[in-house]
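The structure under discussion appears below in the form of structure tokens.
The values are calculated or read from the model by the stated rules, or taken from the named source; none is laboratory data. Values in this document were obtained by computation on a predicted structure and should not be read as measured data. Accessible surface areas use protein heavy atoms only, side chains included; no ligands, DNA or RNA. Shrake-Rupley method; radii C 1.70, N 1.55, O 1.52, S 1.80 Å.
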Amino acid sequence: MYTLSAFQRRLHVGQGTRDVVMEPGRAYWLPAQTHAGENTGTTPTHVLFVELKEAEATGPVHRGAGVDAPPPWPGIGPS
């Protein structure tokens, strides 16, 4: 994930919730996950995602809008 803008979001993953503040121009490696996010700030969320696929993948995978992808969770930091 590469952040194009600064933003604030509330992330819901499993039973957990976390509020995050992201700065523009940061790159992160994120593990695969299912989550929901909501904008809690005053600016839109703008990010780019590059999703790696396994060699044996046979078709496209759609996981929803990139704007809801989470910033790193504990143990995952900027690259």
Exercise. For residue 4, what accessible area in Å² do you get when you roll a 1.4 Å probe over the heavy atoms of the protein chains, rounding to the nearest 10?
Worked result: 90
Exercise. Mean separation of Cα pairs under 8 Å and 6+ residues apart, divided by the residue count of the range 1-55: what relative contact order is that in percent?
Worked result: 48
Problem set entry | Karplus 3J(HN,Hα) series, Hz, for the range 38-50 with 6.51 cos²θ - 1.76 cosθ + 1.60 (x for Gly, Pro) | 9, 6, 10, x, 10, 10, x, 9, 10, 9, 10, 10, 10
